[in-house]
Amino acid sequence: MEIYLVRHTTPNIEKGICYGQSDIGVTETFEKEVEKIHSQIPIHDISKVYSSPLQRCKLLAKTFNHTTFFDDRLKELNFGDWELMAWDDINPSEINPWMNDFVHTPTTNGESYIILQNRILAFFNELEHSSKEKIVIVTHAGPMRALLSYIRKIDLKDSFSIHITYGDVIPIYDTLKLL
């Protein structure tokens, strides 16, 4: 199985805002970013497309002209009460414990990074790994890092060493389930 992990294009939101599962759109650079993404994937050989249902992923997934399977497990980290707040405006008494252990500490009324990793691994393990399919998974940086950290045996707390920018395509050549 060939898997192409694809991060959504540039979101239409100002820098410094926490926007995990908030459903925001994309910038005017969308079409140009899509061209670059498509140039890195064998478009005509793709057999399935999976996507986060959030519009910044959904819009990109539709450009592959395949039936798209939307899955909530591909969503970004749920930041709970912090969604759409400026990072600088989050109460230090709430954000500091999370910053000290974001892997295990959930955001206020949201989730922890280990919860995100568990849901992305559950999704990944449900794929038909013995197939010869080439699939595209359109998602966010958080799920991509969580999955890649598991595959590459990087501690989850160190997964931000995996550099992922908007529109990145990361191929995975997979034959086995992870768990």
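Bear in mind that the values in this text are calculations on the coordinates, not laboratory data. Source: prediction; values computed, not measured. Here Cβ is always computed from backbone atoms with ideal geometry, including for glycine, and neighbour counts include all displayed protein chains.
Rounded to the nearest 5, the antiparallel percentage of DSSP beta bridges internal to region 2-173 is 35%. Shown here for region 31-132: GluC sites (Glu not before Pro) in loop regions (DSSP other than H, G, I, E, B) with at most 15 other Cβ atoms within 10 Å, namely Glu128.
Listed by chain and number, the lysines whose alpha-carbon sits under 21 Å from that of Lys32, ignoring those within fewer than 8 places in the same chain, are Lys15, Lys58, Lys62. For the chain, the longest principal axis of the alpha carbon atoms and the long axis of helix 141-151 meet at an angle near 70°.
The residue among Gly167, Val103, Ser130 whose Cα reaches farthest toward the positive pole of the charge dipole of the chain, with charges on the beta-carbon of Lys, Arg, Asp and Glu, is Ser130.
The dipole here belongs to the chain: it is taken about the Cα centre, uses +1 on the Cβ of Lys and Arg and -1 on the Cβ of Asp and Glu, and is about 580 debye.
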